[in-house]
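Structure, as structure tokens:
The values are calculated or read from the model by the stated rules, or taken from the named source; none is laboratory data. The structure presented is a predicted model; accordingly, all values stated were derived computationally and were not measured. Cβ sites come from the backbone with ideal geometry, for glycine too, and all protein chains shown count toward neighbours. These area figures cover heavy atoms from the full protein model, side chains too; ligands, DNA and RNA do not enter into them. Shrake-Rupley method; radii C 1.70, N 1.55, O 1.52, S 1.80 Å.
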Amino acid sequence: MHELSIALSIVEMAEGKAQELGGVQIEAVHLKLGALSGVVKDALLFSYELACDGTPLAGSRLIIEDVPLVAYCSTCQAERTLDSIQRFCCPVCESSRLEITQGKELEVVALEINHESTTATG
Ligand SMILES: [Zn+2]
């Protein structure tokens, strides 16, 4: 399953980062997911839970920010947001001379750290 391997690499990356920061507890991982990334959001969320199981990230959340498909139309000479990846043409002039500028993202943009666990005095 494609999404599971992606989830595993996200968890691995976050785990490494948590260790780097002195063994902090990761509360949430923020991910940018482009419309063209080819990743099914629900499948990724499900896979993330599986991937976290048995790791220091167990119980953390994956927060996905959808990135719309944006392309530069050389006819309009402007950037256009495309509603659908099925209909690959400019919504204004219907030209198909488009260059994708955004929508392929698949990247971790932020990690939320649980500060309570680091300040707890027990
Ligand atoms: Zn256009």
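Six or more apart or on different chains, Cβ atoms under 6 Å: show the pairs whose first residue is in region 1-24 and within 17 Å of Val109 (Cβ to Cβ) and whose second is among the acidic types (Asp, Glu) and modelled with pLDDT of 95 or more.
From region 1-24, no pairs qualify.
Among the listed residues Leu31, Leu45, which satisfies the condition of being open to solvent by less than 30 Å² (accessible area, probe 1.4 Å) and either touching a strand residue (DSSP E or B) at 6+ places or on another chain (Cβ under 9 Å) or over 30 Å from His115 (Cβ atoms) (or both)?
Leu31
Assuming Leu50 fulfils every condition listed in (1) open to solvent by 70 Å² or more (accessible area, probe 1.4 Å); (2) in a strand (DSSP E or B); (3) not hydroxyl-bearing (Ser, Thr, Tyr) apart from one, which condition is it?
Checking Leu50 against (1) open to solvent by 70 Å² or more (accessible area, probe 1.4 Å); (2) in a strand (DSSP E or B); (3) not hydroxyl-bearing (Ser, Thr, Tyr), the one that fails is (2).
Could you run through region 54-110 and say how many residues are open to solvent by 50 Å² or more (accessible area, probe 1.4 Å), away from the ligand (no atom under 16 Å from the Cβ), of a type in the set (A, V, I, L, M) and in a strand (DSSP E or B)?
Number of matching residues: 3.
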